[in-house]
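What follows is a set of notes on a single structure, which appears directly below.
The values are calculated or read from the model by the stated rules, or taken from the named source; none is laboratory data. These numbers come from a predicted model, not from an experiment. Note: ideal-geometry Cβ built from the backbone for every residue, glycine included; neighbour counts use all protein chains shown. In case anyone asks, the SASA skips ligands and DNA or RNA and just uses the protein heavy atoms, side chains included. Shrake-Rupley method; radii C 1.70, N 1.55, O 1.52, S 1.80 Å.
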Amino acid sequence: MLEHIWSVLCARSIIDSETNNVSIQDVVEQITINAEPVESGFLPFPLELITLWGRKESSSPTKGIERVTFVTPSGKSQIVSEAEIDLSNAERHRQRVKFQGLPVSESGKYYFKVEFKNNNNEWQQVSAIPLKVIFQPPS
């Protein structure tokens, strides 16, 4: 069975080709936008959501599916990524979802909901990474 180890939202990440370790650059928790919100607003700000998965039992190869859903403060949600996690030949797997920007139209907490499909073929939430967006109109 899959095990969620961690997830983080950042501006970018770098994977070392020799060690396969990841360097996480500029963890993003809050964004302030110096403008009025607009209904069809889009923030052209590159982001990455990085998730590390592992085997619950280290000696038991497993596979699963990860799903990431972007949820607005008013509760609207949109699936932004779905990917297979294959731990048949490795004990860990790192998944990176890259965004060139986000649809933001209101102040408040947005979430990146991370889920995986469990043995009962049901989606199970393992994390909800918050991103606070503040619209601050110019004076």
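For residue 5, the conditions (1) open to solvent by 70 Å² or more (accessible area, probe 1.4 Å); (2) out of contact with any Gly (no Cβ under 6 Å at 6 or more places or on another chain); (3) within 19 Å of residue 129 (Cβ to Cβ); (4) in contact (Cβ under 8 Å) with a residue 40 or more places away in the chain all hold with the exception of (2).
Tallying residues that are open to solvent by less than 30 Å² (accessible area, probe 1.4 Å) and under 17 Å from residue 98 (Cα atoms) within the range 54-70 yields 4.
Looking at 51, 69, 32 in this structure, which one is closer than 17 Å to residue 93 by Cβ, assigned to a strand (DSSP E or B) and hydroxyl-bearing (Ser, Thr, Tyr)? Lay out the reasoning, then the answer.
Values: 69 fails: closer than 17 Å to residue 93 by Cβ; 32 fails: closer than 17 Å to residue 93 by Cβ.
Going through 51, 69, 32 in turn, just one is closer than 17 Å to residue 93 by Cβ, assigned to a strand (DSSP E or B) and hydroxyl-bearing (Ser, Thr, Tyr): 51.
Looking only at residues in the range 8-19 that are of a type in the set (D, E, K, R) and over 22 Å from residue 104 (Cα atoms), the one that is nearest to the chain's Cα centre (by Cα) is 16.
Please go through the range 107-133 and give me each residue that is in contact (Cβ under 8 Å) with a residue 60 or more places away in the chain, open to solvent by 50 Å² or more (accessible area, probe 1.4 Å) and either hydrophobic (A, V, I, L, M, F, W, C) or under 17 Å from residue 51 (Cβ atoms) (or both), ordered by number. Break it down stepwise before answering.
If we filter the range 107-133 for residues that are in contact (Cβ under 8 Å) with a residue 60 or more places away in the chain, which is where we start, we get 107, 112, 114, 116, 118-119, 126-127, 129-133.
If we keep only those that are open to solvent by 50 Å² or more (accessible area, probe 1.4 Å) as well, we get 107, 119, 130, 132.
Matches in the range 107-133: 130 only.
Restricting 97, 22, 104, 38 to residues that are under 13 Å from the mean Cα position of the chain (by Cα) and in contact (Cβ under 8 Å) with a residue 12 or more places away in the chain narrows the list to 97.
Working carefully through the options 104, 133, find the one that is closer than 21 Å to residue 43 by Cβ, in contact with a Gly (Cβ under 8 Å, 6 or more places away or on another chain), assigned to a loop (DSSP other than H, G, I, E, B) and not basic (Lys, Arg). Outline the logic, then answer.
Working: 133 fails: assigned to a loop (DSSP other than H, G, I, E, B).
The unique qualifying residue is 104.
Among the residues examined, residue 41 does not qualify as closer than 18 Å to residue 131 by Cα, out of contact with any strand residue (DSSP E or B) (no Cβ under 9 Å at 6 or more places or on another chain), part of a loop (DSSP other than H, G, I, E, B) and not aromatic (Phe, Trp, Tyr). If you go through the range 71-102 and keep only what is under 23 Å from residue 132 (Cα atoms) and either among the acidic types (Asp, Glu) or open to solvent by 60 Å² or more (accessible area, probe 1.4 Å) (or both), you end up with 74, 76, 77, 78, 79, 96, 98, 100.
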